[in-house]
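The structure appears right after this line, and notes come after that.
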Amino acid sequence: MAHDSLEQILRRLSEKMKMVNSSVEALRQDRIMLEGKIEDAQKRIEHILKRLPEQNDSRQMNLLTDTTPPVDKDHDSTTH
C-alpha cells in the first residue's frame, strides 16, 4: 500500500514539475520578447536624438520657454 501512495506522490510531483518547467519556459520567452522590444525602442530613441539639432545650434528651440504671446497693454479688450 505504501508503494502505491509513493507512486502517486511521484506522479503528482512529476506533473507539477512539468507545469513549473512550462511556466519557466514561457517566462523565458516573454523576457526574450521584451528585451527585443526594449532594444528596438532604444534604437528608435537614438535615431530621434541624432536628428535633433546640436546644443550650440542657434536654431534649437527652447522647449522650456513660455510660448504664450505677450499681452498688448496699449490695446483695451473689447467688452460689450
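Modelled spin-label separation between residue 54 and residue 3, with each label point placed 7 Å from Cα along the Cα-to-Cβ direction: 8.5 nm.
Between residue 15 and residue 35, how high is the FRET efficiency from 1/(1 + (r/R0)^6) when r is the Cβ-Cβ distance and R₀ = 25 Å? Nearest 0.05. The pair residue 15/residue 35 has a calculated efficiency of 0.20.
Every read-out reported here was derived from the displayed coordinates using simple, explicitly stated rules and does not represent laboratory data. Source: prediction; values computed, not measured. When we count neighbours, we look across all protein chains shown, and the Cβ atoms used for this are built from the backbone with ideal geometry, even at glycine.
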